[in-house]
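Please treat every number below as a calculation from the coordinates, not as lab data. The structure displayed is predicted, hence computed values, not measured ones. Glycine also receives a Cβ, built like all others from the backbone with ideal geometry; neighbour counts cover every protein chain displayed.
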Amino acid sequence: MDPVTAVAAAGVALVVKGALETAGQEAGRSGWNGGARLVERIRARFRGNPEAEEALDRVTTVPDDESAQQDLERQLAAQMLLDAGFETEIRRMVDEAVAAQGRSGAQISAALIKNAQVFNGKVEVQGNWTTS
């Protein structure tokens, strides 16, 4: 998975997490309160693009809709590829969320991310390792 897609997947997972917390009245229980800020930044970027706006609205309305999550991920990745500044902002927000969750012990559910691999700890590789 390329870095932009990984950040987009993590961003979508955070949008989903925020929507689920809001629905369950658990907003603010996580160590990171930037979920609303992330959604608003994405919403501002998507303004004027009906397909992208609809993808975001579907995820915030029905967070466990996997098709909606995939659509939002594609839209977010496309916008990040078009604008390096926007990519930097989203990456910073995702990094802040990961750092805050490390402090509070909370984690983004891998079930929300689906195809992305998230490592929360140190990874060590030993022996002969060849990549191609």
TODO: Work out the FRET efficiency for residue 62 and residue 41 from their Cβ-Cβ distance, taking R0 = 22 Å, and round it to the nearest 0.05.
DONE: 0.55
- [ ] Give, as a single signed number, the net charge of other residues whose beta carbon lies under 11 Å from the beta carbon of residue 36, with Lys and Arg counted +1 and Asp and Glu -1.
- [x] +1
Task: For residue 46, net neighbour charge (Lys/Arg +1, Asp/Glu -1) across residues whose Cβ lies under 14 Å away - done: -3
